[in-house]
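One structure is given below, encoded as structure tokens.
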Amino acid sequence: MSVSSRLRLFRPILAGASLRDRLLACAGALVGIALTGLICAFAATDPQHLLWLVPPMGASAVLLFAVPASPMAQPWPAIGGNTLSALVGVLVAHVMPLSPLSAGIAVGGAIAVMSLLRCLHPPGGAAALVGLFAGATSGFVFPFLPVGANAVVLVASAWVYHRFSGHVYPHVPIPPAKPAKEMPWTFSKADLAAALERTGETFDIDVNDLERLLRDMEQGALARSYRDLSCADVMHSGVIAAQLSMTPQEVRALLVQHDVRRLPVLDDAGRIVGAVGLRELALPATPLAEMSLAEAMTPASTAAPDTPAIALLDRFANDRVHAVFIVDAAERPLGVVTEADWLAILRRGLA
């Protein structure tokens, strides 16, 4: 095995993990567990309990400090999962004698309770066994003191720690950006739900986080696919244009004759000074015979030939632009890119 292959074995297995985060998690767990043991020791009734700490807190610390975005590391799962699981273990201990069967029932029951109450927390399985072993001799106070108290102090420590770690805790998923216009390459929330159902697996990630990651990937892949295309590559030349000296009636006839939605308006030097379409000429506030083309036209959407073609998508989707005119340095038209041109490109790419 090569040196690089051996070193690969020590890479973090969690997506998004970094060495800095892992080192900070070690420091956070160190302080969090120490504080939990110290603070809870003051609540101990027995002076011998200098460290009033239950073993499941070690596993909880891994989640709270190393994987704070996990749904199972949030405050309610950490506190409720440990406390309720320990309570299940104590209940089983009071109903039946300690045995392999009672251990299985305690853990299975803890999973059921945590699942029903939306507080699934892996260390809860260990808390159920601790409750079972402590059960008959400790009474029903044990799930709350020390288990519940341990969990509360540990969660509070994680909350303080993550104020400085660069992570938000409790984790609040950032809502994914919804595409302003449904495009052939976009997926819907229903598509995501169906894909998760087809896998038949449970993933330790919030659905909103997963959707946001997938949409970021979607946009990145799209940009990479078309990054080499410039406006000069996708435009078609031979732009039909209206002259500023034309009347609105003449421009409307030109639009109908060539079956186009929008025309650039040129001044005497051939520069684009605006654009006009049937929408501006359909129901004007002033009769066409009494208005000039300058009054009817609106600002034109333009771009340079070397502009990445992918940059035009926002104009089509968000700004309701139907045509972008490609111009030279002097604002003279070289070509035009329309929504239909982009759809043709996408159709070829998806074929």
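What are the residues in the stretch 289-302 that are touching a helix residue (DSSP H, G or I) at 6+ places or on another chain (Cβ under 9 Å) and outside any helix (DSSP H, G or I), if any? Explain how you work it out, then say what you get.
Step one: list which residues in the stretch 289-302 are touching a helix residue (DSSP H, G or I) at 6+ places or on another chain (Cβ under 9 Å), which gives 289, 291-293, 295-298, 301.
Result: 291, 292, 297, 298, 301.
Output the residue which, of all residues in the stretch 303-331 that are part of a loop (DSSP other than H, G, I, E, B), buried (at least 16 other Cβ atoms within 10 Å of the Cβ) and not β-branched (Val, Ile, Thr), is farthest from the chain's Cα centre (by Cα).
331
Out of the residues in the stretch 116-162 meeting the condition of being assigned to a helix (DSSP H, G or I) and of a type in the set (Phe, Trp, Tyr), tell me which one is farthest from residue 97 (Cα to Cα).
161
When you look at residue 154, is it in contact (Cβ under 8 Å) with a residue 40 or more places away in the chain and within 34 Å of the chain's Cα centre (by Cα), yes or no?
So residue 154 fits the description; yes.
Does residue 93 satisfy being crowded, with 19+ Cβ neighbours inside 10 Å and in contact with a Leu (Cβ under 6 Å, 6 or more places away or on another chain)?
So residue 93 fits the description; yes.
Based on what the data block shows, is residue 107 surrounded by 12 or more Cβ atoms within 10 Å (Cβ to Cβ) and either modelled with pLDDT of 95 or more or outside the structural domain of residue 27 (by TED's automatic domain parsing) (or both)?
Yes; evaluated as a whole, the condition is true for this residue.
Anything in the stretch 263-275 that is over 18 Å from residue 247 (Cβ atoms) and either of a type in the set (Ser, Thr, Tyr) or assigned to a strand (DSSP E or B) (or both)? List them, or say none.
Matches in the stretch 263-275: 272 only.
From 100, 68, grab the single residue that is at pLDDT below 95 and surrounded by fewer than 22 Cβ atoms within 10 Å (Cβ to Cβ).
Unique residue meeting the criteria: 100.
Has the stretch 71-78 got at least one residue that is outside the structural domain of residue 210 (by TED's automatic domain parsing), assigned to a loop (DSSP other than H, G, I, E, B) and within 30 Å of the chain's Cα centre (by Cα)?
Going residue by residue through the stretch 71-78, those that are outside the structural domain of residue 210 (by TED's automatic domain parsing) are 71-78.
With the extra rule that they be assigned to a loop (DSSP other than H, G, I, E, B), the set shrinks to 74.
Within this subset, residues satisfying the condition of being within 30 Å of the chain's Cα centre (by Cα) are 74.
Yes.
What's the total number of residues in the stretch 1-52 that are assigned to a helix (DSSP H, G or I) and modelled with pLDDT of 75 or more? Don't jump to the end; show me each part of the working.
First, pick out the residues of the stretch 1-52 that are assigned to a helix (DSSP H, G or I): 3-8, 19-41.
Narrowing further to those that are modelled with pLDDT of 75 or more: 19-41.
Number satisfying all stated conditions: 23.
The values are calculated or read from the model by the stated rules, or taken from the named source; none is laboratory data. Just so you know, these numbers come straight off a predicted model, no measurement behind them. Every residue, glycine as well, gets a Cβ built from its backbone with ideal geometry; the counts of neighbours run over all protein chains shown.
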